[in-house]
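Asker: Starting off with a structure, shown below.
The values are calculated or read from the model by the stated rules, or taken from the named source; none is laboratory data. None of these values were measured; they are calculated from a predicted model. Counting neighbours? That spans all protein chains shown, and the Cβs are built from the backbone with ideal geometry, glycine included. The area values use the complete protein model at the heavy-atom level, side chains included, leaving out ligands, DNA and RNA. Shrake-Rupley method; radii C 1.70, N 1.55, O 1.52, S 1.80 Å.
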Amino acid sequence: MMFVDIDNKNCSFEKNQKLVENIRRLKKERNAIILTHNYQRPEIQDIGDHCGDSLGLCRIAASSNADVICFCGVRFMAESAAILNPGKKVILPAPEAGCSLADDLSIETLRTLKSKYPNAAVVCYVNSSAGVKAESDICCTSANAVQVVNSLKDYEEVLFVPDHNLGHYVSLHTDKKVYLAEVYCNAHHDLEKADAVRLKKLHPNAKFIAHPECKPEVLELADFVSSTSGMSKYVGDSGAREFIVGTEIGMVYRLQKDFPEYLFYPVSDKMICNDMKLITLERLAYSLETLTPVVEVPEKIRLKAKQALDRMMKIK
Ligand code: 13P
């Protein structure tokens, strides 16, 4: 297994400072924008032009004037940026950064499911490959999945892929019949109900906020279920001062930075997506210096996948 220095302990302050200066200079020279997901390492979140959830970053990627989009996230996110921005160079500093959801649903499996449910609209979570998006009617993120499914007025049935838990959560908020795939996010699905129960006992005044990729029995215990940016909004609006965070550990840094006066407790220190931690300041600097590795999507697939993403973007 690859060693992931999540706390950046192997990097001295001076070295980090130098890298940060380099990255800022290169960003200007290349007319690049740095987009970082909420699960990235703290120092990567800090240097990004925008840090957000999948939907927010998709929207920014679609409206950006930069020549280069440097995506600090995982492959499917950079692919989405490439699908939406054919004229721009999209670089992903860690090209091996995958996602169990995107990697575990093949196009063949999707085609088999489609033939099993021929009357169902195919809704695919953005955590999917470009090929899967191209085979789908519409995309969604965790921030808009319920709205997307309910927007499909001409359909009574929906095939929701790949994430089983998010699809199950959507099925509780729609009258449509929802068919699911057997695919899960490792970081979220491994969270057990017992972990949430334990933390709630330890912090009885805290609100438990959870990502819909968690198991249904975990979500039942949550005060609020939402995407990562939805969590930020909830923390700002709820009036509470303590929160148990039921998503990938990077989000705790993001929340603590935005709300330094509040207390945040990770529901479990096992909720780590190693793929999200692969991008380091060194790799980011190298990527901007060399403008590699480039993420490209074959044109035929890109055009079809773009339709599914564009349909989603039309929904508020
Ligand atoms: P968000 O869209 O909520 O940021 O989630 C992305 C993700 O990959 C969750 O595992």
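Asker: Could you say whether any residue in the stretch 13-35 is at positive phi, assigned to a loop (DSSP other than H, G, I, E, B) and either open to solvent by 70 Å² or more (accessible area, probe 1.4 Å) or away from the ligand (no atom under 16 Å from the Cβ) (or both)?
Answerer: yes
Asker: Here is a list: 242, 261, 217. Which entry is among the charged types (D, E, K, R) and in contact with a helix residue (DSSP H, G or I) (Cβ under 6 Å, 6 or more places away or on another chain)?
Answerer: 217
Asker: Sticking with this structure for a sec: Collect the residues in the stretch 84-127 that are modelled with pLDDT under 95 and under 27 Å from residue 151 (Cα atoms), keeping them in residue-number order.
Answerer: 84, 85
Asker: Next question, about the same structure. Is there a residue being within 12 Å of the ligand (Cβ to nearest atom) and part of a loop (DSSP other than H, G, I, E, B) anywhere in the stretch 52-66?
Answerer: Yes.
Asker: From (1) touching a residue at least 40 places away in the same chain (Cβ under 8 Å); (2) touching a Ser or Thr at 6+ places or on another chain (Cβ under 8 Å); (3) within 13 Å of the ligand (Cβ to nearest atom), pick out the condition that doesn't hold for residue 195.
Answerer: All conditions are met except number (3).
Asker: Answer yes or no as to whether residue 258 is open to solvent by 40 Å² or more (accessible area, probe 1.4 Å) and modelled with pLDDT of 95 or more.
Answerer: Yes: the conditions hold for residue 258.
Asker: Go through the stretch 73-100 residue by residue and tally those that are away from the ligand (no atom under 13 Å from the Cβ), of a type in the set (A, V, I, L, M, F, W, C) and more than 23 Å from residue 300 (Cα to Cα).
Answerer: 1
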